[in-house]
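These notes concern the structure reproduced below.
The values are calculated or read from the model by the stated rules, or taken from the named source; none is laboratory data. Computed from a predicted model, the values in this text were never measured in an experiment. Don't worry about glycine lacking a Cβ; one is built from the backbone with ideal geometry, like all the others, and counts go over all protein chains shown.
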């Protein structure tokens with residue numbers, strides 16, 4: 001039996017899972033860590049903390065399965081998060097700036113005023129926003145003493161989390177990334193598949209800092225465990241990993257991942273669709289010696305973080321799973337509406353200034369109403385993005401969902417009711433890790449034809465609850481517009 005190890009490095013935790021060749025989990029380990037918020041809109045973490053949690057989880061599952069060492073490793077990771085480290089020592093020169101961070105908003109606004117947004121969008125498929133890596137790199141070079149001087153000498157390296165992990169974990173200390181992570185930096189030309197010299201010059205970032213870009217299922221290096229070596233045969237950004245894990249290989253196949261944030265992605269195959277409504281054109285995946293598969297993506301900043309806040313900030317329940325006890329599939333919140341904007345709003349609004357809040361609270365409301373309003377807002381954001389996709393003539397009847405939140409079956413039913421769509425749930429809801437294992441298997445010589453479907457459960461809209469939710473959605477949209 002051939003086994004594969006997936007390293008799934010997320011925004012607030014690291015996970016390692018060993019799958020067999022049929023993608024049944026054999027062993028898994030997860031370790032959480034906390035982010036820091038030094039200022040309003042700033043989100044950071046110590047890169048060493050990320051690395052340590054990955055080492056702990058990876059060692060744990062490999063020790064547990066010591067008699068059956070995996071034949072390959074795949075890495076998937078939180079995208080856009082930015083790390084700059086010293087080439088010689090390997091030491092980061094500043095904390096990792098997390099994808100949610102908004103500190104470079106003013107600089108982005110200045111670039112927009114100068115007319116650079118169009119050229120950035122055309123080359124990268126992305127909007128000009130602090131979300132992506134380019135402005136984060138520039139901020140580090142401009143604000144860490146001596147950093148720009150060292151960068152120009154060729155002494156500093158940049159990487160998203162995948163590159164940082166590879167540099168530290170691989171026997172070869174390789175400085176590589178894959179096309180999906182590269183496509184999220186706002187520095188990578190998704191047409192000619194190379195770092196764009198014009199954009200590097202715009203952000204004043206030396207090319208010497210950038211990792212070598214490879215297809216998702218190429219060989220990236222070797223991972224050591226004891227006296228054994230495990231080839232790293234796959235690397236892919238987490239949301240693209242979920243796209244692969246959900247086997248969205250055909251045009252129009254769509255998945256929605258409900259983790260720290262929510263990310264909706266649809267495969268558009270070799271067609272690079274340019275959206276004018278705030279959707280991102282990005283690389284879905286690329287297999288070795290094959291053409292790139294492009295995708296359209298809608299990004300929602302706050303999802304699982306809302307549930308964590310209800311749990312830890314407001315102490316509404318002890319465990320995240322307890323939220324289901326308060327949730328109704330009709331989302332009845334007795335007039336309360338929630339603005340899910342702890343760090344601004346992503347697609348389609350792309351507004352960094354607005355902040356979260358409740359509306360319509362009276363003395364008759366309870367915590368149940370606030371919880372339902374919060375969950376309903378997550379569903380409404382998903383519906384906003386599906387409406388944008390319909391404007392691009394992409395129709396979806398069945399949505400594949402994954403991520404930690406879909407353990408909540410009442411949430412899945414509410415989502416189906418809000419969207420008026422069938423919702424399909426996989427057997428393994430951790431599709432990002434599954435995607436990393438799939439990519440590692442493909443990198444070890446398997447073909448797409450050998451993959452098996454993994455749908456476990458489906459939810460259909462409950463017709464009697466749709467009309468009230470449609471009205472709630474329109475009221476919520478009006479509330480959002482007033483807030484903006």
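Looking only at residues that are in a loop (DSSP other than H, G, I, E, B) and modelled with pLDDT of 95 or more in segment 155-173, which one is farthest from residue 10 (Cα to Cα)? Give the steps one after another, and end with the answer.
Initial filter on segment 155-173 (in a loop (DSSP other than H, G, I, E, B)): 155, 160, 171-173.
Pick out the ones that are also modelled with pLDDT of 95 or more and you get 155, 160.
Working: 155: 28, 160: 12 Å.
Only one residue tops the list, namely 155.
Here residue 58 meets the list (1) modelled with pLDDT of 90 or more; (2) more than 21 Å from the chain's Cα centre (by Cα); (3) assigned to a helix (DSSP H, G or I) almost entirely, failing just condition (2). Among residues of segment 434-446 that are touching a residue at least 60 places away in the same chain (Cβ under 8 Å) and on the phi > 0 side of the Ramachandran plot, none has a beta-carbon under 7 Å from a residue that is part of a helix (DSSP H, G or I) and crowded, with 24+ Cβ neighbours inside 10 Å at least six positions away or on a different chain.
Every residue, every condition in (1) in a loop (DSSP other than H, G, I, E, B); (2) within 26 Å of residue 355 (Cα to Cα); (3) at pLDDT below 95, yes or no:
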{"position": "89", "(1), (2), (3)": "yes, no, yes"}
{"position": "103", "(1), (2), (3)": "yes, yes, yes"}
{"position": "118", "(1), (2), (3)": "no, no, yes"}
{"position": "127", "(1), (2), (3)": "yes, yes, yes"}
{"position": "136", "(1), (2), (3)": "no, yes, no"}
{"position": "139", "(1), (2), (3)": "no, yes, no"}
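Quick check, is residue 435 in contact with a strand residue (DSSP E or B) (Cβ under 7 Å, 6 or more places away or on another chain), at pLDDT 90 or above and crowded, with 22+ Cβ neighbours inside 10 Å? Judged against the criteria, residue 435 is a match. On the given criteria, is residue 296 surrounded by 24 or more Cβ atoms within 10 Å (Cβ to Cβ) and either touching a helix residue (DSSP H, G or I) at 6+ places or on another chain (Cβ under 7 Å) or under 29 Å from residue 352 (Cβ atoms) (or both)? Here the answer is yes, as residue 296 does meet what is asked.
Would you check if residue 123 is in contact (Cβ under 8 Å) with a residue 24 or more places away in the chain, more than 30 Å from residue 169 (Cα to Cα) and either surrounded by fewer than 15 Cβ atoms within 10 Å (Cβ to Cβ) or under 24 Å from the mean Cα position of the chain (by Cα) (or both)?
Working: in contact (Cβ under 8 Å) with a residue 24 or more places away in the chain: yes; more than 30 Å from residue 169 (Cα to Cα): yes; either surrounded by fewer than 15 Cβ atoms within 10 Å (Cβ to Cβ) or under 24 Å from the mean Cα position of the chain (by Cα) (or both): yes.
Yes; evaluated as a whole, the condition is true for this residue.
For segment 391-412, give me each residue that is more than 23 Å from the chain's Cα centre (by Cα) and outside any loop (DSSP other than H, G, I, E, B). Scanning segment 391-412 gives 391, 410. When each of 205, 236 is tested for being touching a residue at least 40 places away in the same chain (Cβ under 8 Å) and either surrounded by fewer than 19 Cβ atoms within 10 Å (Cβ to Cβ) or not in a loop (DSSP other than H, G, I, E, B) (or both), the lone residue that passes is 236.
A single entry from 390, 381, 363 fulfils the requirement of being closer than 30 Å to residue 280 by Cα and surrounded by fewer than 15 Cβ atoms within 10 Å (Cβ to Cβ): 390. Residues in segment 174-202 that are more than 22 Å from the chain's Cα centre (by Cα) and buried (at least 20 other Cβ atoms within 10 Å of the Cβ): 196, 199. Hey, among 17, 97, which residue is over 21 Å from residue 438 (Cα atoms), crowded, with 24+ Cβ neighbours inside 10 Å and touching a strand residue (DSSP E or B) at 6+ places or on another chain (Cβ under 9 Å)? When all the criteria are applied, what remains is 97.
Scanning segment 208-231 for residues that are assigned to a strand (DSSP E or B) and in contact with a helix residue (DSSP H, G or I) (Cβ under 7 Å, 6 or more places away or on another chain) turns up 213, 221, 223, 225.
Among the criteria (1) surrounded by fewer than 18 Cβ atoms within 10 Å (Cβ to Cβ); (2) over 20 Å from residue 416 (Cα atoms); (3) out of contact with any strand residue (DSSP E or B) (no Cβ under 7 Å at 6 or more places or on another chain), the one residue 343 does not fulfil is (1).
Of the residues 388, 415, which single one is more than 20 Å from residue 463 (Cα to Cα) and either within 22 Å of the chain's Cα centre (by Cα) or in a helix (DSSP H, G or I) (or both)? Please lay out each step first, then the result.
Numbers: 415 fails: more than 20 Å from residue 463 (Cα to Cα).
Of 388, 415, the one residue that is more than 20 Å from residue 463 (Cα to Cα) and either within 22 Å of the chain's Cα centre (by Cα) or in a helix (DSSP H, G or I) (or both) is 388.
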